[in-house]
Amino acid sequence: MPFYSENITESHLKKTERGYGRAWDVVFDYMLANNGIKKLLEIGVGGGQSHLAWLDLFKDAQIYGLEVAWPILPESMFSWKEMRKEQHDDDIVVRQLVNAIQGWHKFTNRPFDDRLRLHIMYNVNAKREDVMQSMLKAHGNFDVVINDSKHRTHTAQLMSFWRKLVGTDGVYFQEEFCSTMNDDFKVKRYHEFLENNPDDKSYWRVFDFREISIEQPGCSVLGMYTENQGILNAVDESLDNFIIK
Ligand SMILES: C[S@@+](CC[C@H](N)C(=O)[O-])C[C@H]1O[C@@H](n2cnc3c(N)ncnc32)[C@H](O)[C@@H]1O
């Protein structure tokens with residue numbers, strides 16, 4: 001039984017139901033058998049489910065999170081509007097703040113030894129490439145980076161600079177690749193993306209899990225970038241049926 005599927009907690013089952021677990025089974029098994037997984041970043045924290053799942057799964061890893069919202073409600077709508085205007089060009093809606101508060105409570109209820117490995121940074125806009133550069137400077141390359149923040153059709157384009165954080169050995173995943181909850185995946189967008197990034201072509205694999213997904217099947221497509229030939233060989237061998245050519 002692969003490590004991810006055997007050990008994943010119930011709170012992360014949604015990801016498995018979308019099919020993403022199929023890819024993570026292959027990739028994480030390969031990584032654990034080789035250099036291991038010591039540093040994982042997921043962009044987009046929300047209510048914290050994923051970060052807690054990663055914390056439980058990878059007991060020796062440092063788990064990082066970036067989130068544009070923050071777990072404090074402003075005192076008045078006036079200050080809320082001011083904060084929003086000054087801090088980010090993203091729309092931050094109250095739901096995002098409430099999610100952040102719920103996530104924060106879950107994180108702070110964890111045993112201290114777990115919290116020592118959990119690094120959640122709020123009020124950070126991951127669309128800024130200088131944020132990625134600062135993380136690279138501070139922590140070096142990461143083994144795994146997952147982008148589960150804004151799912152807009154052009155996210156792949158906008159945020160593909162995050163793949164630089166994984167260097168030559170690690171792996172970058174984009175959830176809901178080239179789609180949104182309201183606008184399903186279109187293969188044309190993936191091909192446009194490759195045309196704009198010709199040098200990256202051989203390093204991308206895009207897994208189409210729409211047929212097996214029981215959770216938002218229209219957008220259950222996972223993008224993966226890695227220069228690690230071992231990982232590329234492993235997915236080409238095991239997941240060829242799901243890879244969009
Ligand atoms: C789908 S939720 C994340 C859920 C979480 N990863 C999980 O699986 O439990 C997306 C989150 O991304 C955050 N987000 C959206 N745009 C962002 C940005 N530009 N930078 C950082 N976070 C962002 C949203 O506030 C929201 O909390």
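FYI, it's all coordinate maths here, none of it is from the lab. Because the structure is predicted, anything quoted here is derived from the model rather than measured. In this analysis, Cβ positions are derived from the backbone assuming ideal geometry, glycine residues included, and neighbour counts consider all displayed protein chains.
Worth a mention:
- Order of 215, 6, 67 - criterion: other Cβ atoms within 10 Å of each residue's Cβ, fewest first: 6, 215, 67
- Taking a sphere under 11 Å around the Cβ of residue 142 and counting the other residues whose Cβ falls inside, with K and R at +1 and D and E at -1, yields a net charge of +1.
- The fewest-to-most ranking of 101, 8 by surrounding Cβ atoms within 10 Å reads 101, 8.
- To the nearest ten degrees, helix 94-108 and the longest principal axis of the Cα atoms of the chain are 80 degrees apart.
- Extension gain for residue 233 to residue 186 (0.36 nm times residue separation, less C-alpha to C-alpha distance): 14.4 nm.
- Listed residue (243, 36, 155) projecting farthest to the positive dipole end of the chain, Cβ model: 155
- Fully extending the segment from residue 195 to residue 215 would add 4.2 nm, taking 0.36 nm per residue of separation and subtracting the current Cα-Cα distance.
- 5 Å binning of all Cα-Cα separations within the chain, expressed as whole percents from 0 upward: 1, 6, 13, 18, 20, 18, 12, 7, 3, 1, 0, 0
- Local net charge near residue 48, Cβ-Cβ under 13 Å (Lys/Arg +1, Asp/Glu -1): -2
- Derived value for segment 94-233: Kirkwood hydrodynamic radius 16.6 Å. Basis is the mean of 1/r over every pair of different alpha-carbon atoms.
- Residue exposure sequence - 57, 136 - by fewest surrounding Cβ within 10 Å: 136, 57
- Net charge of Cβ neighbours under 12 Å - reference residue 238; Lys, Arg +1; Asp, Glu -1: -3
- In this structure the amide hydrogen of residue 119, modeled in the peptide plane, comes within under 5 Å of the amide hydrogens of 63, 64, 65, none closer than 5 places in sequence on its chain.
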